[in-house]
1. Specify which of the listed residues (Lys173, Lys258) is part of a helix (DSSP H, G or I) and either more than 21 Å from the chain's Cα centre (by Cα) or free of Cβ contacts under 8 Å to residues at least 12 places away in the same chain (or both).
2. Just one of Met152, Met137, Met212 is outside any helix (DSSP H, G or I), touching a residue at least 60 places away in the same chain (Cβ under 8 Å) and surrounded by 14 or more Cβ atoms within 10 Å (Cβ to Cβ); which is it?
3. So in region 215-226, with the set limited to residues that are at pLDDT 90 or above and part of a loop (DSSP other than H, G, I, E, B), which one is surrounded by the most Cβ atoms within 10 Å (Cβ to Cβ)?
4. Answer yes if at least one residue in region 4-16 is at pLDDT 80 or above, over 23 Å from Gln199 (Cβ atoms) and among the aliphatic types (A, V, I, L, M), and no otherwise.
5. Identify the residue in region 227-255 that is assigned to a loop (DSSP other than H, G, I, E, B) and free of Cβ contacts under 8 Å to residues at least 60 places away in the same chain and, among all such residues, is farthest from Pro190 (Cα to Cα).
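The values are calculated or read from the model by the stated rules, or taken from the named source; none is laboratory data. Please read all numbers here as calculations on a predicted model, not as lab measurements. Methodologically, a virtual Cβ is constructed for each residue, glycine included, from the backbone with ideal geometry; neighbour enumeration extends over all protein chains shown.
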Amino acid sequence: MEVWFLSKRVNSDLCQSGGSGHEPAHAGFVGEGMLTAAICGDVFVSPPVGSILAGRRAVTGTMGCLLIVTNYTGDRLNFGLAAEQAKSEGYKVEMVIVGDDCALPPPRGIVGRRVKDLSVYNHEARLIKSPAELELMRDSVSIACQALLQTMLHSKTFPCEARLSAKVEYECKMRGAQRMAFNPVVGGGPNGSVIHYSQSDQKVKDGDLVLMDIGCELHGYVSDLTRTWPPYGRFSPVHEELYDLILETNKEYLDLCKPGTSIRQIHNYSVVYVPYISVVRLCYMGRQIW
């Protein structure tokens with residue numbers, strides 16, 4: 001995580017943010033009359049709430065602070081949480097979500113021309129895949145699946161987050177992947193509930209589950225899959241019930257994946273209906289969930 005600071009100003013401060021994919025460029029806009037600070041996470045990882053709060057406390061002047069956040073789920077979540085906590089501490093903080101676009105100087109007059117993000121057209125061009133592309137996508141997923149299975153089989157031998165991360169990367173590359181699609185997310189026990197957990201330096205305790213979110217790249221095509229399992233070889237009774245519940249939920253999602261259904265509709269179903277039903281089922285089974 002890197003944070004760039006400018007001296008405090010009396011007027012409202014501006015903070016730009018995001019994971020270090022392309023967002024480090026925001027550091028170049030820190031200066032007089034521009035951004036007050038740029039708060040960046042690790043590569044493709046949103047900065048944690050604590051770092052955002054530290055940056056905000058360092059630069060927020062008497063008129064408050066405006067957080068300019070890229071339109072990415074992790075950024076929106078972490079900066080939203082930081083903004084709410086800042087408000088509870090008495091700071092004046094507002095947040096605006098932006099996409100990637102720009103305005104060019106007008107040839108005449110005062111109105112600049114808007115330039116749409118090229119990814120809008122790029123995504124449309126990528127919707128239809130050629131047979132060769134589909135084969136590469138399948139191969140990329142197959143490599144990641146085989147690598148993850150091998151890691152699961154050997155996880156009891158080295159139930160440590162860092163070693164599990166190294167093992168799955170080794171298995172991917174031994175099967176032909178050029179690189180990982182992103183830094184592997186490997187979290188044991190409570191670390192598995194941390195979004196984009198990247199520390200990966202803890203040993204997984206007996207009785208805990210380990211979550212692994214990984215993907216590999218094969219000739220420009222990437223895979224992405226997440227699995228949770230007990231590295232010591234046995235689910236606890238509660239873990240078994242949760243596993244069955246999530247598996248059933250996953251099957252319900254697959255039933256929704258039909259022509260005419262948008263990703264937004266599936267997402268809304270997952271965050272509204274499924275958690276409610278899950279809580280009802282767990283309570284019905286007599287399990288304490290809080």
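1. The conditions single out Lys173.
2. Answer to the check: Met212.
3. This residue is Ser223.
4. No - not one qualifying residue is present in region 4-16.
5. Ranking the qualifying residues of region 227-255, first place goes to Arg234.
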